[in-house]
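Trainee: I'd like to ask you about the structure that follows.
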Amino acid sequence: MAFELTAERRAILDELLPRYPTRKALTLPLLHLCQEQEGWCSPAVVDYVASTLGVSTAEVQGVVTFYTLYQQKKVGRNVVWVCRTLSCELRGAKGIQEALEKKLGCHAGETSKDGEWTLLKAECLAACGQGPMVQLNDEYHEDLTVEGLDALLEGAKKRADERKAVTFSPVGLAPRGEK
C-alpha cells in the first residue's frame, strides 16, 4: 500500500520546502515526518520520500540504513536504547539491559508482545562520564540503577499516552537558524 503524509504533515513539508537550498536537502526532515506518522521507515515511506524529493530510493535507503535514529522495522510506542560502550559497561550497563529485558519481556533487538516497548543496544550514547545510561524515546537518562528503572518506564508510558492525545508539533524540523 502506498504511503502518503497526512494533510497536517504535508502542510509542514510545504512550509519547509522554501527553507532548504535543494529538495534533496529535505531528506532528513521528511524522513522524520514520515517516521513520526508511520512509526518506522517502511519501504513505502522510502518510496514516498524518494518520489517526493526526486531522488533514487537507493539514496533514501542509504540515509535510513546509515542513521540509527531511523527505524527499519516496526517498533513499540516507546523505544529504549541501552548504551553498551566500555565506559557504560564498566558501570553496569549489562545489568541495566538484563533488568530491562525482564521488565519488558523482550530481548535487545525485539519489541514486547504488547507493542509498548522496543529494546535496542547502542554502541555509544555520548555520556561516558555519566553511565550507565539509556535513551528512552527522545530523552537521555544517566547514572541509572536497576532500582530506578520502574519509575523511568512508568513515566515514559504516561508520556506516550499523553503524546497520543496531543496534535502533532513539528519541533526541530527547521534548518539551523530558523524557527
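Every read-out reported here was derived from the displayed coordinates using simple, explicitly stated rules and does not represent laboratory data. The model shown is predicted, which means the values in this text are computed figures rather than measured ones. Because the Cβ atoms are built from the backbone with ideal geometry, glycine has one as well, and the counts that use them run over all protein chains shown.
Trainee: Considering only region 2-30, state which residues are surrounded by 17 or more Cβ atoms within 10 Å (Cβ to Cβ) and in a helix (DSSP H, G or I).
Mentor: Hits for region 2-30 are Arg9, Ile12, Leu13, Leu16, Leu26, Thr27, Pro29, Leu30.
Trainee: A further question on this structure: Could you list, in sequence order, the residues of region 84-113 that are closer than 21 Å to Asp138 by Cα and not in a helix (DSSP H, G or I)?
Mentor: Once the filter is applied, which keeps residues that are closer than 21 Å to Asp138 by Cα and not in a helix (DSSP H, G or I), region 84-113 yields Arg84, Thr85, Cys106, His107, Ala108, Gly109, Glu110, Thr111, Ser112.
Trainee: Still on this structure, please answer the following. Any residue that is of a type outside the set (Gly, Ala, Ser), farther than 28 Å from Thr118 by Cβ and surrounded by 12 or more Cβ atoms within 10 Å (Cβ to Cβ) - is there at least one of those in region 34-44?
Mentor: No: region 34-44 contains no residue that is of a type outside the set (Gly, Ala, Ser), farther than 28 Å from Thr118 by Cβ and surrounded by 12 or more Cβ atoms within 10 Å (Cβ to Cβ).
Trainee: Just for region 31-64: of the residues that are in a loop (DSSP other than H, G, I, E, B) and not small (Gly, Ala, Ser), which one is farthest from Thr6 (Cα to Cα)?
Mentor: Per the criteria, the residue is Val55.
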